[in-house]
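Okay, structure first, notes after.
Every read-out reported here was derived from the displayed coordinates using simple, explicitly stated rules and does not represent laboratory data. Please read all numbers here as calculations on a predicted model, not as lab measurements. Cβ placement follows ideal geometry from the backbone for every residue including glycine, while neighbour counts extend to all protein chains displayed.
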Amino acid sequence: MTLETISAAASGTWRLGDLTVNRIGYGAMRLTANADGTPSDRDRVIGVLRRAIELGVNHIDTAAFYFSPLRSANELINRALAPYPDDLVITTKVGPGRDPSGEWWWATPGQLRGQVEENLRQLGRDHLDVVNLRIRTRRTTPSIAEHFGVLAELREAGLIRHLGVSNATPQHLAEARSIAPVVCVQNQYGVDSRPEDDEFLTACGEQGIAFVPYFAIAGEGREAGASGTDSEEVLAVARAHGVTGAQVRLAWTLQRGPHVLAIPGTGNPGHLVDNVAAGALRLSEDELSRLDGVHRRGD
């Protein structure tokens with residue numbers, strides 16, 4: 001089997017409610033612009049989306065606020081993939097918004113339906129598979145009940161199939177679950193993040209809830225992307241397997257638990273192949289221990 005033929009199915013599967021997804025998915029943030037802020041190549045990223053489906057990716061994470069002056073991630077997904085494959089699960093986020101100039105704003109509970117409807121319009125769908133409520137400030141938002149209650153009502157109305165939370169604490173999750181079922185938690189997490197979320201990750205698995213790290217490759221580089229400098233431990237494991245540091249990061253993340261999903265984003269066809277192939281990479285107990293050391297010190 002060559003790198004180009006490894007399927008996302010090699011990563012295993014998890015269920016988001018009644019929807020089964022391969023654990024390696026795709027994040028749409030990179031569709032609209034390159035890491036340096038220059039516009040993406042429309043034909044190239046449409047090709048990346050179609051290639052992702054060919055490689056078995058059936059979970060795409062997106063949002064209406066993923067746009068640049070020339071591109072909208074949702075509309076690129078619509079253009080590339082509609083009519084959508086029956087097994088494709090598209091996850092969106094609401095809470096944050098951006099006006100046409102790109103300035104950020106945050107939705108009141110009364111504005112959430114408009115955000116859901118905008119995602120529906122851009123994607124050309126009559127319902128959204130999974131909607132995550134993105135929480136503005138993780139540490140200082142005491143309650144999400146009013147916002148999450150609105151999404152629960154939209155779920156009951158049939159506009160949303162399943163609900164999740166993003167940038168959440170265990171307390172937010174418990175509050176959300178008291179209102180409606182929750183299928184996923186989407187938080188920043190990776191090998192070089194501090195291990196304060198390890199207990200939360202484990203607790204999600206115990207509750208049958210997917211834990212979906214973002215910036216698993218980029219780490220503290222966040223929207224700007226990975227810095228290109230990996231710790232010696234990551235590089236040593238990468239050399240042993242003949243892979244990249246990014247692939248090691250993804251493999252380590254997936255091996256944190258069977259309920260952990262990955263949503264690496266890229267507009268580069270080669271990086272897409274690498275990311276999907278990382279789902280087939282199995283690290284030894286010794287290698288995991290070495291990388292856990294990096295994780296514990298939060299490099």
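Before moving on, here are some points about what is shown:
- Between the alpha-carbon centres of the range 62-133 and the range 136-192 there is a gap of 17 Å.
- Amide proton proximity set for T91, modelled H, under 5 Å, gap of 5+: I60, D61, T62
- For V260, the residues 5 or more places off, or on other chains, whose built amide H falls under 5 Å of its own are F211.
- Among 85-95, 279-289, 135-145, 244-254, the peptide with the highest mean count of other Cβ atoms within 10 Å heads the list, and the full ranking is 244-254, 85-95, 279-289, 135-145.
- Measuring nothing but how far apart in sequence close Cα pairs (under 8 Å, 6+ apart) lie, relative to its length, the range 87-140 scores a relative contact order of 49 percent.
- Relative contact order computed over the chain (Cα-Cα under 8 Å; 6+ residues apart), in percent: 22 percent
- For I144, the amide hydrogen comes within under 5 Å of no other amide hydrogen, counting only partners 5 or more places away or on other chains and with H modelled in the peptide plane.
- For the peptides 55-67, 171-183, the ranking by packing is 55-67, 171-183, with the highest mean count of neighbouring Cβ atoms within 10 Å listed first.
- Length gained on full extension, A180 to R138, computed as 0.36 nm times the residue gap minus the Cα-Cα distance: 13.1 nm.
- Here the chain is assigned +1 on the Cβ of each Lys and Arg and -1 on the Cβ of each Asp and Glu. Its dipole about the Cα centre then comes out at about 380 debye.
- Relative protection proxy for 70-76, 123-129, from highest mean packing down: 70-76, 123-129 (other beta-carbon atoms within 10 angstrom).
- Couplings 3J(HN,Hα) for the range 174-184, derived from phi with the Karplus relation 6.51 cos²θ - 1.76 cosθ + 1.60 (θ = phi - 60°), are 4, 5, 4, 5, 6, 9, 7, x, 10, 9, 7 Hz, where x marks Gly and Pro.
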